[in-house]
Amino acid sequence: MKFIVPFALFIFVGFILAAGCVTMTNKNSVNLTNAPSFTAVSTPSNPGLNKSMNETANNITISKGSLRVSISGISYPGNLSVVLDNEPVGMVKSTKPLYLMVSEGNHTVMVCVGSVCEQETVVTKFGRYVDVDFSERLQRDVEFPNPTARPTAKILEYYKNDNVVSVYVEFINPESADHTISVDLSVGYTYIDERSHVKLGDSARAMTALSVKAGQREIKRVDIYLANSDSIVSFDSPVIEELKVK
């Protein structure tokens with residue numbers, strides 16, 4: 001009996017320890033099984049959707065309005081440049097307006113002839129038609145688009161002894177560069193022939209030149225000498241027969 005009791009007690013304690021070990025193992029297993037798991041989530045790639053979103057963001061449609069620029073009724077040779085917000089946008093001439101589609105908002109439109117520019121501020125809106133005509137202003141401010149000269153058709157003096165017709169000539173340079181303008185003037189006149197006492201006709205000519213700075217006008221007096229000096233009856237208004245610009 002002394003040996004049986006201790007052995008039985010030893011077996012009983014062994015069962016308890018074994019049960020405790022099993023219980024602890026199961027408890028740890030349950031905890032691991034119920035622990036939250038973290039899985040990396042990747043966004044699925046959709047090239048078509050991405051492209052559509054990029055195009056929508058980058059290619060937003062801007063509303064535009066119609067703009068017509070004209071110089072109708074002006075006999076200017078060639079084309080004139082049209083400038084929109086300090087950027088050249090095309091050419092316009094008297095027989096052909098310039099049509100533009102412009103983003104909505106305030107804009108500055110200019111038409112330039114040499115050093116002279118006419119300017120207008122316009123407001124464009126979608127579905128609205130804006131018309132700007134520079135004819136009246138150009139005719140008022142830029143009578144001549146190219147370098148030229150003209151007699152004033154005013155007779156300054158007439159000397160019967162010298163038979164000189166003196167004329168003011170206006171030299172005009174509307175361009176942005178200096179030019180030398182030369183002219184060949186003529187004047188027709190009638191006189192009485194001393195021998196036959198018959199009224200006859202003749203003409204006289206004179207040439208002159210003047211250097212005119214850009215955007216300037218100069219006036220010069222030109223004397224035209226009449227060959228038949230004794231019996232001048234009358235004379236016509238002087239005219240420019242030839243004009244050259246250098």
> Taking segment 178-201, which residues are over 24 Å from Val233 (Cα atoms) and either among the small types (Gly, Ala, Ser) or in contact (Cβ under 8 Å) with a residue 40 or more places away in the chain (or both)?
Replying inline: His179, Thr180, Ile181, Ser182, Val183
> Does at least one position in segment 196-213 carry a residue that is modelled with pLDDT under 80 and buried (at least 16 other Cβ atoms within 10 Å of the Cβ)?
Replying inline: no
> Considering segment 95-151 alone, what residues qualify as being of a type in the set (Lys, Arg) and more than 30 Å from Ser186 (Cα to Cα)?
Replying inline: Lys96, Lys125, Arg128, Arg137
> Within segment 99-114, can you find the residues that are in a strand (DSSP E or B) and farther than 30 Å from His179 by Cα?
Replying inline: Tyr99, Leu100, Met101, Val102, Ser103, Gly105, Asn106, His107, Thr108
> Residues in segment 205-246 that are without any contact (Cβ under 8 Å) to a residue 40 or more places away in the chain and touching a Pro at 6+ places or on another chain (Cβ under 9 Å): how many?
Replying inline: 1
>> Being assigned to a strand (DSSP E or B) and either crowded, with 18+ Cβ neighbours inside 10 Å or modelled with pLDDT of 85 or more (or both): is that true of Arg217 here?
In response: yes
>> So the check is Cβ under 7 Å with 6+ separation or different chains; which pairs have a first residue in segment 115-138 that's assigned to a strand (DSSP E or B) and a second one that's of a type in the set (Ser, Thr, Tyr)?
In response: Gln119/Thr108; Thr121/Thr108; Tyr129/Ser66; Val130/Ser66; Val130/Thr124; Asp133/Ser70; Asp133/Ser72
>> Checking Val169 against (1) modelled with pLDDT of 85 or more; (2) within 21 Å of the chain's Cα centre (by Cα): exactly one of these is not met. Which one?
In response: (2)
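The values are calculated or read from the model by the stated rules, or taken from the named source; none is laboratory data. Remember, predicted model here, so these are calculated numbers, not experimental data. Reconstructed Cβ throughout: ideal geometry from the backbone, glycine too, with neighbour counts over all protein chains shown.
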